[in-house]
1. What figure, in Å² to the nearest 10, do you get for the accessible area of Tyr54 with a 1.4 Å probe and non-protein molecules left out?
2. Just one of [x] 42, 17, 8; [y] 17, 13, 11; [z] 20, 19, 11 is semi-axes √(5λ) of the Cα gyration tensor in Å calculated from these coordinates, so which is it?
3. Report, to the nearest whole %, how much of the accessible area of segment 1-60 belongs to carbon and sulfur atoms, 1.4 Å probe, protein only.
4. Averaged per residue, what accessible area in Å² does the chain show with a 1.4 Å probe, protein chains only?
5. At 1.4 Å probe size, with no ligands or nucleic acids counted, give the accessible surface of Met16 in Å², nearest ten.
Amino acid sequence: MWNKMYRKIRNLNKKMNYSIGYIIMALGIFILVIYIPSWLWMVLLGLSVIMIGYYINAYFK
């Protein structure tokens, strides 16, 4: 039974140019984006701005 299902999924993946994995990864990222609270996005944005400022100061002196 599992071998038959494996073959079906494998053939479908070949027909779809190996994009089933990418679709599943996109679904996982979408779920993460929905469930991350807004305050955490602000923390991540603040940390990324700090890192960008640090690298600008380090590399453009």
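The values are calculated or read from the model by the stated rules, or taken from the named source; none is laboratory data. Quantities reported herein were computed from a predicted structural model and do not represent experimental measurements. When the accessible area is computed, the model is the full protein with side chains, heavy atoms only, and any ligands, DNA or RNA have been set aside. Shrake-Rupley method; radii C 1.70, N 1.55, O 1.52, S 1.80 Å.
1. Tyr54 has an accessible surface of roughly 150 Å² with all protein chains in place.
2. Only one listed value fits the structure, namely [x].
3. Numbers: 4390 of 5920 Å².
Result for segment 1-60: 74 percent of the exposed heavy-atom area is carbon or sulfur.
4. Working: 6130 Å² over 61 residues.
That works out to 100 Å² per residue.
5. 70 Å²
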